[in-house]
Amino acid sequence: MQEILNALCDSTRRSALAIVWGGGEHCVCELMERLDASQSRMSRHMKVLREAGLVLDRRDAQWVRFRRNPDIAPEITAMISAVLNAEKLFEQAMA
C-alpha cells in the first residue's frame, strides 16, 4: 500500500495516471506532450507507476506504451478512482 500511496503523491504522476486510467494505451510521447514534461522526466514518473503495479508497459519500436493494469484489486482500483475523481472536482472548483 505504501508504494501505491508514494506513487500517487506526485501531481504529474496523478495526471499521467488519470490519462492512462481513462482506457487504451498511451505512448510516452503523448504523455510528454499532454503534461508538458521531458522524455526523461515522464519515463521516471511512469517507472514509479509501473513499479507500484498501477500500469503495464509495452515497448513499441522506440517508444513505450502504457495501459492500466487490469489485475489491480478492486479495493485499490476504487481508492485510485476516488483520488483521481477528488482531484478533478477540486480543480474544477478552483477554476
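Going through segment 31-58 one residue at a time, which ones are under 15 Å from ARG68 (Cβ atoms) and more than 12 Å from the chain's Cα centre (by Cα)?
Result: ARG58, single match.
Among the listed residues ALA82, ALA18, which satisfies the condition of being aliphatic (A, V, I, L, M) and over 11 Å from the mean Cα position of the chain (by Cα)?
After applying the criteria, what remains is ALA82.
Six or more apart or on different chains, Cβ atoms under 8 Å: show the pairs whose first residue is in segment 26-38 and closer than 12 Å to SER15 by Cα and whose second is among the acidic types (Asp, Glu).
none
Restricting to segment 46-62, and then to whatever is assigned to a loop (DSSP other than H, G, I, E, B) and modelled with pLDDT of 95 or more, can you tell me which residue is surrounded by the most Cβ atoms within 10 Å (Cβ to Cβ)?
LEU54
I need the full set of residues from segment 1-37 which are open to solvent by 70 Å² or more (accessible area, probe 1.4 Å) and among the aliphatic types (A, V, I, L, M), in order please.
MET1, LEU5
The values are calculated or read from the model by the stated rules, or taken from the named source; none is laboratory data. Here the structure is a predicted model, which means the values were calculated and not measured. As a convention, Cβ positions derive from the backbone with ideal geometry for all residues, glycine included, and neighbour counts pool all protein chains shown. Calculation scope for accessible area: heavy atoms of the full protein, side chains included, ligands and nucleic acids excluded. Shrake-Rupley method; radii C 1.70, N 1.55, O 1.52, S 1.80 Å.
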